[in-house]
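The values are calculated or read from the model by the stated rules, or taken from the named source; none is laboratory data. Note that the coordinates shown come from a computational prediction; the quantities given were computed from them, not determined experimentally. Reconstructed Cβ throughout: ideal geometry from the backbone, glycine too, with neighbour counts over all protein chains shown. When the accessible area is computed, the model is the full protein with side chains, heavy atoms only, and any ligands, DNA or RNA have been set aside. Shrake-Rupley method; radii C 1.70, N 1.55, O 1.52, S 1.80 Å.
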Amino acid sequence: MKKLIPVLLFLCFVSYHFGYYLYYFSSHYQLEQSWQDKIYSEQTEGLEERLLEIPLSAPYMADQDEYQLTNTRFEKDGKYYRAIKQRYQKDMLQIVYVPDTARRTLESTVQKWISFLTEKDYPGKSENSTQLKIFIKDYVETPSFEIQWIVSSPYLQHQGFIFSTYKSPFFQLTTPPPQFA
C-alpha cells in the first residue's frame with residue numbers, strides 16, 4: 001500500500017502537467033479522421049466553401065476539368081482552413097477551402113491550458129515574457145509546412161537553363177589534364 005500511494009501521486013502529477021499532450025494528440029487525431037471521413041465521402045454540404053486561386057505556371061501541366069479531392073490544412077491570416085478540392089486550370093491552381101473551426105478551438109484550448117499552467121510560474125509579464133515564449137514553444141505543435149525563400153548567391157550567375165547536375169558549367173580544375181604518351 002505504501003508503494004501504491006507514491007505511484008498514484010506521481011500519475012496525478014504527470015496527468016496534471018502533461019495530460020494536455022494526450023488530449024491534444026487524441027483530439028488532433030480525431031479531428032483529422034473526421035475531416036477525412038467528410039471529404040472522401042463527399043459530405044461537404046452545409047460548409048462555407050471559398051475559392052482561392054494561386055498563379056502557378058507549371059510546364060507540361062494539363063488543364064483539369066474536374067476537381068480532385070484533397071485534405072490539406074493551412075493557416076491564412078491567423079485563421080485555420082481546410083482545402084477540400086483542387087484543380088489546375090489555365091496556369092492557376094484553384095483551391096476550394098472551408099474554415100476549420102474545430103482546429104481553431106483545439107489550438108486555443110491547448111494554448112489557454114498551457115498559459116494557465118505556466119501563469120503561476122511566471123507572474124511578471126514584461127520581465128519573463130521571452131522565457132515564457134521559449135517554454136511554451138515546447139508544448140505547441142509546429143506548423144506542418146513552411147515556405148522558405150531561396151536567395152541566390154551573388155557569385156553564381158546562371159545563363160539560361162542548364163541540363164547539368166553541377167552548380168556551375170565552368171569547371172574550376174587546378175590540375176592540368178592527363179597526358180598520354
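Per-structure values
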{"read-out": "Output for segment 50-65, where each listed residue is outside any strand (DSSP E or B), open to solvent by 60 Å² or more (accessible area, probe 1.4 Å) and in contact with a strand residue (DSSP E or B) (Cβ under 7 Å, 6 or more places away or on another chain)", "value": "LEU56, MET61, ASP63"}
{"read-out": "Those residues of segment 68-116 which are within 18 Å of TYR21 (Cα to Cα) and surrounded by 15 or more Cβ atoms within 10 Å (Cβ to Cβ), in sequence order", "value": "ALA102, ARG103, ARG104, LEU106, GLU107, VAL110, TRP113, ILE114"}
{"read-out": "Pair list, Cβ < 6 Å and 6+ apart or interchain, from segment 61-80 residues that are within 22 Å of HIS28 (Cβ to Cβ) to residues that are of a type in the set (Val, Ile, Thr) and surrounded by 13 or more Cβ atoms within 10 Å (Cβ to Cβ)", "value": "LEU69/ILE39; ASN71/ILE39"}
{"read-out": "Residue in segment 5-12 that is modelled with pLDDT under 90 and open to solvent by less than 50 Å² (accessible area, probe 1.4 Å) present", "value": "no"}
{"read-out": "Residue that is most open to solvent (accessible area, probe 1.4 Å), among those in segment 26-49 that are without any contact (Cβ under 8 Å) to a residue 12 or more places away in the chain and assigned to a loop (DSSP other than H, G, I, E, B)", "value": "GLU45"}
